[in-house]
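Please read the structure below before turning to the comments.
The values are calculated or read from the model by the stated rules, or taken from the named source; none is laboratory data. The structure displayed is predicted, hence computed values, not measured ones. Note that we place each Cβ from the backbone using ideal geometry, even for glycine, and neighbour counts take in every protein chain shown. Ligands, DNA and RNA are stripped out before the accessible areas are found, and what is left, the full protein with its side chains, is counted by its heavy atoms. Shrake-Rupley method; radii C 1.70, N 1.55, O 1.52, S 1.80 Å.
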Amino acid sequence: MIKKCLFPAAGYGTRFLPATKSIPKEMLPLVTKPLIQYGVEEAINAGCDTIAMVVSKYKKSIEDHFDNNTDIQSSINGTSKENLLNPLNNIIENTTFSYTRQLEMKGLGHAILTGQTLIGDESFAVILADDVCHSQNDSVLSQMMSIHEKYPQHCIVAIEEIPLKNTNKYGVISGEEIENNLFRVDNMIEKPEPKDAPSNLAIIGRYILTPDIFEVIKNTSPSKGGEIQITDALLTLAKKGKVLAYKFDGKRFDCGSIDGFIEATNYFYEREARDEI
Ligand code: UTP
């Protein structure tokens with residue numbers, strides 16, 4: 001069973017400047033909860049007890065968020081505001097957090113390779129915190145964990161249908177549907193123009209990876225934007241029939257973009273308002 005979830009969180013988040021000049025993108029809140037906490041909660045809910053983060057020297061506030069703040073805690077102890085921190089305190093008490101730094105931002109594939117030291121030789125989950133997912137029933141990562149139980153030797157990527165005009169923002173796959181909503185991937189291309197896209201099935205920020213991915217990334221050359229792309233590394237494994245793509249049940253917000261971030265803010269605000277009624 002997968003216990004470790006890797007969070008590549010070293011990117012600069014330039015689309016949110018000036019906000020992200022000194023605040024990590026992952027710490028921007030949807031209402032009152034930072035993006036990264038949504039991701040960590042999803043990982044824990046899916047059965048992970050170890051959170052491995054790939055960060056940079058600009059991301060210290062992520063570490064602080066998942067640590068005690070004794071001054072704030074003593075100022076709210078015994079008041080109704082304790083409830084605002086209790087869920088996070090619970091996570092901190094019951095979860096192992098480990099961090100490593102990516103020294104140069106050479107892409108998502110490189111960030112995942114940087115996390116090898118925290119993961120070791122076992123299968124692991126990956127969450128990109130700027131893709132926030134919400135499902136009525138099992139979370140997206142929980143759904144993927146169920147597939148992993150049946151296909152433990154395969155890498156699994158989460159996919160969704162997108163308008164064809166947007167393929168140049170995503171990794172795009174093609175493959176044969178082997179079960180309802182589950183595809184065996186035969187091709188994947190990073191950010192293709194619509195005319196070159198193998199389908200309109202785009203990879204979103206949830207992965208389950210087998211440890212052989214690290215060796216493959218080491219042998220993957222930089223491509224689009226001079227970055228080492230996880231899509232290129234996965235293509236090597238897809239050619240051996242070792243990659244599955246899962247069309248998940250739920251909603252995804254691209255909180256790495258301003259439109260997606262605002263949409264998610266409204267969605268979660270309305271949900272909270274409804275819960276309070
Ligand atoms: P993005 O390209 O969406 O994030 O990377 P970014 O680079 O931070 O954002 P913009 O485009 O400048 O606004 C997807 C994920 O991969 C991580 C990012 O932190 C994000 O979670 N990433 C990307 C790394 O950790 N290291 C990298 O070198 C690149």
Within region 121-170, the residues that are modelled with pLDDT under 95 and either open to solvent by less than 10 Å² (accessible area, probe 1.4 Å) or at positive phi (or both) are none
For region 41-70 the number of residues that are of a type outside the set (Ser, Thr, Tyr) and open to solvent by 60 Å² or more (accessible area, probe 1.4 Å) is 9
May I ask you to verify whether Gln102 is over 16 Å from the mean Cα position of the chain (by Cα) and either more than 11 Å from the ligand (Cβ to nearest atom) or open to solvent by less than 80 Å² (accessible area, probe 1.4 Å) (or both)? yes
Please find, among Thr220, Thr231, the residue that is under 28 Å from Lys3 (Cβ atoms), open to solvent by less than 10 Å² (accessible area, probe 1.4 Å) and of a type in the set (Ser, Thr, Tyr). Thr231
Taking the residues in region 4-22 that are part of a loop (DSSP other than H, G, I, E, B) and open to solvent by 80 Å² or more (accessible area, probe 1.4 Å) as candidates, determine which candidate is farthest from Tyr151 (Cα to Cα). Pro18
Given the condition modelled with pLDDT of 95 or more, touching a Gly at 6+ places or on another chain (Cβ under 7 Å), within 16 Å of the ligand (Cβ to nearest atom) and open to solvent by less than 10 Å² (accessible area, probe 1.4 Å), answer yes or no: does some residue in region 234-252 qualify? no
Restricting attention to region 105-132, and to residues there that are of a type in the set (D, E, K, R) and closer than 25 Å to Asp254 by Cβ, which single residue is farthest from the ligand (Cβ to nearest atom)? Asp131
Looking at Val157, Val132 in this structure, which one is under 23 Å from Gly241 (Cα atoms), among the β-branched types (Val, Ile, Thr), in contact with a strand residue (DSSP E or B) (Cβ under 6 Å, 6 or more places away or on another chain) and in a strand (DSSP E or B)? Val157
Taking region 227-277 and the residues there that are part of a loop (DSSP other than H, G, I, E, B) and more than 20 Å from Val132 (Cα to Cα), the one that is nearest to the chain's Cα centre (by Cα) would be Gln229
Within region 23-33, which residues are within 13 Å of the ligand (Cβ to nearest atom) and either surrounded by fewer than 22 Cβ atoms within 10 Å (Cβ to Cβ) or in contact (Cβ under 8 Å) with a residue 40 or more places away in the chain (or both)? Ile23, Lys25, Glu26, Met27, Leu28
